[in-house]
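A short worksheet on the structure shown next.
The values are calculated or read from the model by the stated rules, or taken from the named source; none is laboratory data. Keep in mind that what you see is a predicted model, and the values were worked out from it rather than measured. Ideal geometry is used to build each Cβ from the backbone, glycine not excepted, and the neighbour counts take in all protein chains shown. SASA here: full protein model, heavy atoms, side chains in, ligands and nucleic acids out. Shrake-Rupley method; radii C 1.70, N 1.55, O 1.52, S 1.80 Å.
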Amino acid sequence: MASNKGHERKAAGRGAGQRRARVRRTNNEVAEPAVHRQIIIDSGDEETRIAIVENHRLVELLVERESEERILGNIYKGRVTSVLPGMQAAFVDIGMEKNAFLHFSDVIPNLPDADADFGEEGPDVPEQPPDSISDVLQKGQEILVQVTKEAIAAKGPRVTTNLSVPGRYLVLMPGLSQIGISKRIEQRDERKRLKSILDELGECDGFGFIVRTAAQGKSSKEFSADANHLSRMWRRLRSDAEKRRAPVRLYRELTLTSGLIRDFFTAEVDSLIIDSKERYEEISNYLEDFAPELRKRVKLYEESIPIFDAFDIERELEASLERAVPLPHGGYIGIDHTEALVAIDVNTGRYTGRKDPEETILRTNLDAAQEIPRQLRLRDVGGIIVIDFIDMESEENKQRVLRELRANLRRDRSRTKTLKISEIGLVEMTRKRVGPSLLQRFSEACPCCKAQGRILSRETLARRVEQALRRAAIYLYENDLEVWGHPHLINYLQNEHKRALKALARQHKLKVGFHATENVEVVTQFRITSAETGRDLSAQIWA
């Protein structure tokens, strides 16, 4: 009965009688080896949102805003501003507002990607590496660095001197004379075939390659084209570095959408659906040249209903900012962010099981072990993570939960490391962080509680106002609308979102009025009303 009630609560939370068809999912879906993957792209003028969906559930959300420069993967010629032997680190001016942080571990030459296998001999590393960062760098020195982590809060970006330039099938590694193969390519015969193809290409001028997962099944002709393209790109970059003075950007990584197509859109993805005809044609043309077999999997979405509404992503996105996450059998997990780590607490909630308490606890922990990896990907949580599973008596049950957790973490594109379950049921793990989490991106410090809590940012609220206006026009056939909000929000809408709101009004033939009022919370609420009747439409818009 607990299982059925869990499904009933889940269905009720999504709302009955919606326009879109649903696909039933079992409790063990995440553990199934066959995964149905989709990429859904909501392409706006000022913001592009990319949803990665597995088995009809949102697992990743990537956001690119026109107002925010994305620097992850960029290569710069920078100038060392300070060297700190006590921290084994240096700071580098790359022309940004904040100097970049360079740790000693990112300075050691020829340090390869940990996800690549270089065979029994291992990668080329110096026999006697330097003992201190001051042996390698001096203040005022000009060096080439690549951004490995975006600036987060008060911290500047993190960089490395171990550069890499990614292509469709290969990653070029300057200073590395060997060939590595992605560990995600597991078949021994395929690894041997790929290695032999790269060996036939011959030695390159001072760099090596890592074979990417997308290279499985590709021919020597495709490898040769990719290798030649990357080689030419690197030589141009190196030539520019010799001519130009620091700080200067030498290489700009692809946009979020283009980079995702290059890095993630492989034969393992069943479909890519995008709502922009212009970008649909760009993606199609790219695939025609580099992966023609995937061209037929790209679909243009042309319906009037917003694409994220049609695929039920908007609702899941809103839930991703909540602290509590329900589990299928009635339990739940609580996710709390602290300055040092992220703590995840597992609770049985209303799930009481039948007879055996250990069985009830095991079922809840297994549910959590399936859901937590999805939440980590969706919320883009990084750094140190501590999971407090419910304490179990059986050692066999503990290992079963740990295996389930690790099995589901394998789908994560970010690198993770998981330790064993402690005697009190804690699991310590780490997840590679490359940028702000979803919570940091979509919220800001609350001015009312002196930054002790967080509220939705004005930018996120402005996007929700646009979504509400669009829904009112499409679902409720209302075209004369009034927006009521706090003066801070209304001022932000009329100044920072003026262009986007005008475009929205033209598209849906809307007439929109804005009214500042102190009768709502600072930036956590707004109301949409009908100008003709004065009726509050908010409840119907989000129904």
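The table that follows gives values for the structure above.
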quantity: Nearest 10 degrees, 0 to 90: helix 498-508 Cα axis against the chain principal axis; calculated: 60 degrees
quantity: Scaled radius of gyration (Cα, divided by 2.2 N^0.38 Å) that region 279-421 gives; calculated: 1.35
quantity: Dipole in debye (nearest 20) - region 357-406, about Cα centre, beta carbon charges: Lys, Arg +1; Asp, Glu -1; calculated: 380 debye
quantity: Relative contact order (%) - criterion: Cα under 8 Å, at least six apart; region: the chain; calculated: 12 percent
quantity: Inter-probe distance in nm under a simple model that places probes 7 Å from Cα toward Cβ, at residue 494 and residue 183; calculated: 5.6 nm
quantity: Whether region 329-399 is rounded, prolate or oblate, judged on the alpha carbon gyration tensor where a/c under 1.5 counts as rounded; calculated: prolate
quantity: Separation of the residue 516 and residue 411 label points, Cα + 7 Å toward Cβ, nm; calculated: 4.7 nm
quantity: Rounded FRET efficiency, nearest 0.05, which uses the C-beta distance separating residue 195 from residue 285 and R0 of 41 Å; calculated: 0.80
quantity: Rounded, prolate or oblate (a/c below 1.5 giving rounded, otherwise prolate when a/b exceeds b/c) for the chain by Cα gyration tensor; calculated: prolate
quantity: Three-way shape call for region 303-367 based on the alpha-carbon gyration tensor, with the a/c threshold at 1.5; calculated: oblate
quantity: Accessible-area composition of region 371-525, carbon plus sulfur, in percent [1.4 Å probe]; calculated: 47 percent
quantity: Computed [θ] at 222 nm, deg cm²/dmol, the chain (DSSP H ≥ 4; -39,500 (n - 2.57); rounded to nearest 500); calculated: -9500 deg cm²/dmol
quantity: Percent antiparallel among DSSP beta bridges (both partners in the chain, rounded to 5); calculated: 75 percent
quantity: Candidate aspartates and glutamates for bridging to residue 502, where Cα separation is under 18 Å - those fewer than 8 sequence places away on the same chain excluded; calculated: 45, 46, 47, 66, 459, 466, 478, 480, 482
quantity: Farthest positive-ward along region 186-312 dipole, Cα basis, beta-carbon charges - from 196, 207, 291; calculated: 207
quantity: Dipole magnitude (debye, nearest 20) for region 150-281, charges at Cβ of Lys, Arg, Asp, Glu; calculated: 520 debye
quantity: Whichever aspartates and glutamates have a C-alpha closer than 16 Å to that of residue 149, once near sequence neighbours (fewer than 8 apart) are set aside; calculated: 64, 68, 69, 93, 97, 106, 113, 253, 380
quantity: Relative contact order, percent, region 294-362 [alpha-carbon distance under 8 Å, six or more residues apart]; calculated: 16 percent
quantity: Cα long-axis angle, helix 2-14 against the chain (0 to 90 degrees, to the nearest 10); calculated: 80 degrees
quantity: Whole-number Å³ per residue for the convex hull built on Cα positions in region 384-539; calculated: 191 Å³
quantity: Tilt relative to the chain, helix 458-475 - C-alpha long axis, 0 to 90 degrees, to 10; calculated: 50 degrees
quantity: Most to least accessible of 337, 103 (protein chains only, probe 1.4 Å); calculated: 337, 103
quantity: Pair residue 238, residue 103: separation of 7 Å Cα→Cβ label points (nm); calculated: 2.9 nm
quantity: Added length on full extension, which subtracts the Cα-Cα distance from 0.36 nm per residue, residue 339 to residue 533; calculated: 65.0 nm
quantity: Reachable aspartates and glutamates, given that their alpha-carbon falls under 14 Å from the alpha-carbon of residue 192 and they are not under 8 places away in the same chain; calculated: 117, 120, 200
quantity: Magnitude of the charge dipole, the chain, Cβ model with Lys/Arg +1 and Asp/Glu -1, debye to 20; calculated: 860 debye
